[in-house]
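The next block holds one structure in the form of structure tokens; read it before the comments.
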Amino acid sequence: GVVYEVVQSFPGAEEDVGVYSGVSSQRWRRHLEALKSVDTNRASMGQDSSEPGGFTDMLIEEGHDNTTQIEEDTDHNYYTSRTYGPYDSTSRDLWVNIDQMEKDKVKIHGILSNTHRQAARVNLSFDFPFYGHFLREITVATGGFIYTGEVVHRMLTATQYIAPLMANFDPSVSRNSTVRYFDNGTALVVQWDHVHLQDNYNLGSFTFQATLLNDGRIIFGYKEIPVAVTQISSTNHPVKVGLSDAFVVVHRIQQIPNVRRRTIYEYHRVELQMSKITNLSAVEMIPLPTCLQFTSCAPCVTAQIGFNCSWCSKLQRCSSGFDRHRQDWVDSGCPEESKDKICENMDTTETPPHSSTTLLPATTVGRVLTTTRASTTSHLPTSLPTEDDTKIALHLKDNGASTDDSAAEKKSGTLHAGLIVGILVLVLIVAAAILVTIYMYHHPTSAASLFFIERRPSRWPAMKFRRGSGHPAYAEVEPVGEKEGFIVSEQC
């Protein structure tokens, strides 16, 4: 990176900051001892955990050259990029004509429009999602990029940027060069207007812009690109087109008490093909789901979004381990806790924000500035019904949208009612039989008992009592024919 000066109105830049960024086909290591025992989750392309104690490769796959006007790259993990050529009408629609916007909302930054390698802070009127993090402040630089980091340092070109065309631009060399921005509450447009390269003025002026929408989309628009971007020299300034994000690690310096050093580690980068950047071209980047969007354990650990999401109960946060909150994640012992992937109360009813809404591609200037998210789709649920789905179904029935399924439900309800009544009757009969049996056991001389005794089949030959047995309490008996009844003596 190169050194940038920060506008004086902004708090002083951090001097003791180290920046470690990933470069294509180059291995880079982390230097914080506390992070060596942390397992590496998939946060960027081509990560390989074969080297213990060090960060892994950051391999950026070069896109294939073809002649189509629209290219889509879904291998950015965090974003899907769509490139529109100069002959595609969408590229013109994505360009925001600031001159036609409200004059009081379009601001020309006086310092940036008259200096070289300067940066100034701009406040947003909305929350802008960037890599899953919500930003309210950005730093606009004269070099054709936006710095998104919270820690201000002088090596702004290294990482944490939104770069429609990062190069050695110097707005001070021309009276026509300006840096303008426009915020209407749903989108921020930053435009580098008629800027020249400081080390090659004769190449001509460049006009391009970056639009940040509150739904997370990022649009790069190019109106005037006099030469191929691949021909711009990177000797005195990096030349980049794409996105980058990093996390900050704070560690103490043992030799100097009460002094801490900040180190910035880039964990992901999106590199767009510079050969596709021409006059009237455009690039639209649509954010993909991240672990940070989940607010409870079960949806976090069961998410299928291309990341190894883990839940940390101490922080009440879902993360892949690679985002801007990494130091809190490590200091709180979340990597060890996340190995279990067990939730105390499994509740998978939470619906991630990205599943209920759909991002709409911008097709006109008005849509770019006002469209955020499409309304919830009205398709019938295709999965197990949640509480909301049930309410939708009830709403459809109230509107008279009943089908054969409702008739089947009524018939099924009738059958269930009949079955329940039958079971109750059977239970009552069994209970009555038990009560009668108990009564007959304790009252053997009752009419019911005698009724069943008379009709019980005898297993022994019939007996009759003989009179005059000589004992009042006993009687002699003798067998008689089986077909005869019992003859009970008067003494008994």
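The values are calculated or read from the model by the stated rules, or taken from the named source; none is laboratory data. Note that the structure is predicted; figures quoted are calculated from it, not measured. Methodologically, a virtual Cβ is constructed for each residue, glycine included, from the backbone with ideal geometry; neighbour enumeration extends over all protein chains shown. The area values use the complete protein model at the heavy-atom level, side chains included, leaving out ligands, DNA and RNA. Shrake-Rupley method; radii C 1.70, N 1.55, O 1.52, S 1.80 Å.
Just a few scattered comments:
- For region 151-227, trypsin sites (Lys or Arg not before Pro) meeting the loop criterion (DSSP other than H, G, I, E, B) and having at most 12 other Cβ atoms within 10 Å: 175.
- Region 156-283, accessible area per residue, ligands and nucleic acids excluded (1.4 Å, Å²): 34 Å²
- Radius 13 Å from Cβ of residue 240, net charge of other residues (Lys, Arg +1; Asp, Glu -1): -1
- Solvent exposure of region 292-338 as accessible area per residue, Å², 1.4 Å probe: 39 Å²
- For region 79-288, carbon and sulfur atoms together expose 44% of the accessible surface, with a 1.4 angstrom probe and every protein chain in place.
- When both region 237-257 and region 115-169 are represented by their alpha-carbon centers, they are found 14 Å apart.
- The candidates 137, 224, 266, arranged from most to least accessible area with a 1.4 Å probe in the full protein assembly, appear as 137, 224, 266.
- Rounded percent of accessible protein surface that carbon and sulfur make up, region 292-338, 1.4 Å probe: 44 percent
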